[in-house]
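Right, one structure below, let's go through it.
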Amino acid sequence: MDRLHAQLSRFEDAFPGFLTEIVEGSVVATPVTPHHGHTIQGVWAVIEEQLPSEWVLVSDVAFPFDDANEFCPDLAVIPAMAEAENSSAYPPDLIEFVAEVVSEGSIRRDYDVKPRWYASRGIANYLILDSLKGHCVTMWNPGPDGYRGRDTIPYGTEVAVDSPLGKLTIPTAHLPVDPKARPQA
């Protein structure tokens, strides 16, 4: 695992402006857009205000799940005591809440691959923020094969996530929508 993490660090240096992860044994580099960053910043600000003091948000740090999967979630809530170690990688079992912002290159990973892994580790809540479709997907009730609960909420409303951290409310009206977004039916 240390060897894999070292390889990933080299890729990050070689591809500035890209988020790199190891997914299903392949190193994946996804370009980051302004909408991606604005979404992370906006959601970070509102979630941070609502967290109990013993929990903190981290972004784009590594969580090695196994030899073939090392994810760098856009937002993850972990215990403040663990974050204080200031590490570049943390055990995924520390994550209580996770959110991913969809980009054109991450659709399958964010909707299909990561929910299975996040749920299998018992991460209580997974939120997908999709500026390509102008909606968010909340997932909860993790099981060994994925999340058993799922709602899709169009941007423009508040998303309420009932989590072990308390009720988290995320306004979506000001989240950016990609100008190429497919209109919602």
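The values are calculated or read from the model by the stated rules, or taken from the named source; none is laboratory data. Since we're looking at a predicted model, the values are computed, not measured. To get the accessible areas, we keep the full protein, side chains included, count just its heavy atoms, and leave off ligands, DNA and RNA. Shrake-Rupley method; radii C 1.70, N 1.55, O 1.52, S 1.80 Å.
Tabulated values for the structure
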quantity	calculated
The stretch 50-185, accessible area per residue, ligands and nucleic acids excluded (1.4 Å, Å²)	45
Cα extents of the stretch 79-149 along the three principal axes, largest first (Å)	37, 24, 16
Spatially proximal lysines relative to LYS180 (Cα-Cα < 17 Å; intrachain offsets below 8 disregarded)	LYS133
Net lengthening on full extension, THR157/ASP67 (0.36 nm per residue, minus Cα-Cα)	28.5 nm
The stretch 76-185: relative contact order in percent, alpha carbon pairs under 8 Å with at least 6 residues between	21
Sulfur and carbon atoms: percent of accessible area, the stretch 89-185 [1.4 Å]	51
Cα-based shape type of the stretch 61-185, given that a ≥ b ≥ c are square roots of the gyration tensor eigenvalues and the cut on a/c is 1.5	prolate
Proportion of all alpha-carbon pairs of the stretch 43-129 beyond 15 Å (%)	55
